[in-house]
Structure formats: C-alpha cells, structure tokens
1. All but one of (1) modelled with pLDDT of 95 or more; (2) more than 21 Å from the chain's Cα centre (by Cα) hold for R286, so report the exception by its number.
2. Could you list, in sequence order, the residues of the stretch 43-61 that are without any contact (Cβ under 8 Å) to a residue 40 or more places away in the chain and open to solvent by less than 90 Å² (accessible area, probe 1.4 Å)?
3. Out of everything in the stretch 180-196 that is among the aliphatic types (A, V, I, L, M) and surrounded by 12 or more Cβ atoms within 10 Å (Cβ to Cβ), what residue ends up being modelled with the lowest pLDDT?
4. Tell me the residue from R151, R141 that is surrounded by 12 or more Cβ atoms within 10 Å (Cβ to Cβ), modelled with pLDDT under 85 and charged (D, E, K, R), please.
5. Over 18 Å from E188 (Cα atoms), of a type in the set (A, V, I, L, M) and touching a strand residue (DSSP E or B) at 6+ places or on another chain (Cβ under 6 Å): is that true of L360 in this structure?
6. Just checking, does the stretch 161-171 include any residue being free of Cβ contacts under 8 Å to residues at least 12 places away in the same chain, within 30 Å of Q95 (Cα to Cα) and open to solvent by 70 Å² or more (accessible area, probe 1.4 Å)?
7. Test of understanding: among G345, G336, G328, G317, which residue is of a type outside the set (F, W, Y), touching a His at 6+ places or on another chain (Cβ under 8 Å), in contact (Cβ under 8 Å) with a residue 40 or more places away in the chain and open to solvent by less than 40 Å² (accessible area, probe 1.4 Å)?
Amino acid sequence: MLVVSAAAAAQTESPGQTLKRVEQDLQADKALQRQLDRQSQTLQKELDELRDRLVGLADQERAQEDELVHLEESLTTLETQERSQAEKLEGERQQIAALLAALQRVARIPPEAALARPDGPVDTLRSALLLRDTVPALRARADALAQALTRLAETREALQAQRSRTYAARLTLIDRQKEIGQLVARREELSRQTEEERQQVAQRTARLTGQAADLRQLMERIEAERRAAAAMAAKREAERLEAERREAERRLAEQRAAEQKLAEQKAAEQRAAEQKLAEQRAADQRARAEAETARAAPGAPAGERLPVGGRVTVRYGEADRYGATSRGVTIQARAGSTVVSPQAGTIVFAGPFRGYGQILIVEHSHGYHSLIAGFGRIDTAVGRRVATGEPIGLMPADGSPDLYFELRRHGQPINPQRGFGAPEGKGQG
C-alpha cells in the first residue's frame, strides 16, 4: 500500500519536487549512516574486548591442560606403587601365616606326648630349638609387616587425594572449554550484527540513488565505481585461484617425487640404507640444534606460539609418515583442544582442501603466512581479523588428533619453531 502511494505521489510531482524530495531522503540517510557508524564503533570496541578475553581464556586452557597431564601421570605412578606394595604384603602375610600355624601345632603337644612320639628325643629337641629361634625372627617380620601396612595406607590416602585433584582439574578444564565456546558464539553474533547493519545502510543508499532519476551524473559515477570494485575483486579472486592452483601442482609434484624416492630407497642395497640413516641422524641433530638456538636467541618478537599445546611428533625437515621431507611441524594434541592464531593477521582461506581436511590460511605482516590443518571445527571466516593467541577452532573430539602447522615467508617455507623473527634470505630454515 505504501509503495503504491509513493508511486502515485511521484507521478504528480514535478521534476524539481522529485529532486528536492530525493535530496532530503539522502540527507536523512546520511544522518542515519552517521548514527550507525557510531553504533558500529561501539560494537567494534566490544568485539575487541571479547577477543582479548578469548586470548586470555585460551592461555588458561593451555595451562590447565598441562596441569591435567601432570596429574594424570602422577596418578598412574601412585596406582603402580599401590599394586606393588599390596602384592609384596600379600606374600609376607602368607609366609607369616604358615609359621604361625606350625608354632600353634607344636604348642598344642603336651610334654608327655612329645616324649612318647616315635621321633627320637634328639629330633624332638632339635625341632623345639629351631622353633624357639624362629620366634624372634617371626616377631621382626611381623613388625616390618605392620610398618609396610602403614606405608600402604599412606599411599592409598595419597592416591585418593590425587584422584580428587585430577577430577577437579578435569571439571575446571571442561568449564574453561564451555566458556570459550560461549565467547566464540558471542563473537560471531557481534560480527554478524555489524555486517547486517552495514548491508542495510548500503541497501537504503542504493534504493535512494535509484530514485534519483534526474541525478544522472551521480548514478553514472556510482555505477563506474561499482564496476571498478567488481573488476578489482574479480582480479583478486583470479589471482588467488591461480596461486592455489600453482600451490596444488607444486604439492602434487613433491608428493610424486617423494613416492619415487621412497620406491628407489626400498630397492637400494644395505649400504644406501645405512647412508640414509646416518644422514637422517645428522639432520635430526641439526634440527635439535636449530630449535635450541631459536629458544635461546634474544630479540624474538613477542606473541610467537604454536597453534595448539601438545607433543611435537614431526619437526621441520624430518621425514613425515609418507617418507617426504616435512615443510612444517606436526603436533599431537588432546582431543577437543582449542586452536589459536600463532600471530595477529587476516583469514584468507577457511575450509576443506584436497586431502588436507579442514585448513586455515592466515596472512600476517611482513610477508608471513600460516597454514594450519587438522581441525575438527573452524570458528572463524575469510576476511576476519584475528589477534595473537585468539581462538580460531577446535581439534577433533576423540582420539589423539594431529595438527599440522606450516609457516611461510614470501612464499618460502621456514622452520615454525624458529618463529616469525627469521632473517631475510633464510627461506629454507
């Protein structure tokens, strides 16, 4: 009904009146745009604060996971100690019980009966002397058994306390993960809200511009800008697709070369196998030396970290499970662990990719890119800005999942454990 009335009013207006009405509408829309900009700034501030909280919670979760691993290891040690002490005490108890039964049988024989036994008096006297010497040793073993029982009781008390602490640590870790999940959902809601408001303003502006039939120059300028923006976006998309195609071809060629090399190694003689083993050991020593040098090197930029806590199973430069040289590191993490951004940057790719599963590519400053694969769930999207240590996803919820982390600078892989401070010209780490 309102659309029909507006159309009827437009038919009765003169061109000057139509132009004036459209200009008034544009002025009102500009005022609304300023108001929405202020609201957007408020939402952006809240979003930044939310990112800081997420970074802090992710660090707390990492520390809680480390504490839980330590508690679980201590619990296993105490359980083994308890079983060993219980088995030892059971053996002592059986031996003492046999000696006590023998003493009781001798004590029940009257002296007259002992003299009348078919054994000779010398044998009877020898048995009595032997049992008399056994009593002090039996008392000493009984005292040692009592002390061992006391130690077993103390071990069981320590084991019960350790189980309680482990249970509490697991509950705390679950609470941390739930809180992170809620904050991630809030972050996504704020991001969608900000984007929806901007889209609404853009739609209103486009609608008013479409009504300004007499402002042909304005329409032509907007159309030209739109075409230029679309052409630029298409160019960037084409460049990105071409880069992905070249990267996929390079990886395929590397995989084929690795497979051919593996086949040649299997067909080689024992001497070639021993030479390869010696080279591998030398590479391991160099990698460990580089890792120690990187940890001790001063001046490393603040905020460097691995995307997830856990044990590094394949280092940079080592042979991976396919026999190829690894261009990154593989980390065995806990199921459901939070994955964070190793450095501040912008998400340029998020989703499945050709046999790698769910992957993320983060673009950092100074020519760095991070490639992270092995997610169970991704909690961000292309175009988002992320802070150092901000949660970006979760590991799979079962088993002992692996996360692959590759760091590149100007397109060349570098050792992720040396961090973002690698000097120029050291592309191969």
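The values are calculated or read from the model by the stated rules, or taken from the named source; none is laboratory data. Quantities reported herein were computed from a predicted structural model and do not represent experimental measurements. Positions of Cβ are backbone-derived with ideal geometry, glycine not excepted, and every protein chain shown enters the neighbour counts. All accessible areas refer to the heavy atoms of the entire protein, side chains included, with ligands and DNA or RNA removed. Shrake-Rupley method; radii C 1.70, N 1.55, O 1.52, S 1.80 Å.
1. Status for R286: all satisfied but (1).
2. If the condition is that a residue be without any contact (Cβ under 8 Å) to a residue 40 or more places away in the chain and open to solvent by less than 90 Å² (accessible area, probe 1.4 Å), then D48, G56 are the ones that fit.
3. L190
4. Going through R151, R141 in turn, just one is surrounded by 12 or more Cβ atoms within 10 Å (Cβ to Cβ), modelled with pLDDT under 85 and charged (D, E, K, R): R141.
5. So L360 fails the test.
6. The answer is no, given that none of the residues of the stretch 161-171 is free of Cβ contacts under 8 Å to residues at least 12 places away in the same chain, within 30 Å of Q95 (Cα to Cα) and open to solvent by 70 Å² or more (accessible area, probe 1.4 Å).
7. G345
For every residue, the table says whether it meets (1) surrounded by 20 or more Cβ atoms within 10 Å (Cβ to Cβ); (2) not in a strand (DSSP E or B).
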position: H366; (1), (2): no, yes
position: I372; (1), (2): yes, no
position: F375; (1), (2): yes, yes
position: A381; (1), (2): no, yes
position: T388; (1), (2): no, yes
position: P396; (1), (2): no, yes
position: G399; (1), (2): no, yes
position: L403; (1), (2): yes, no
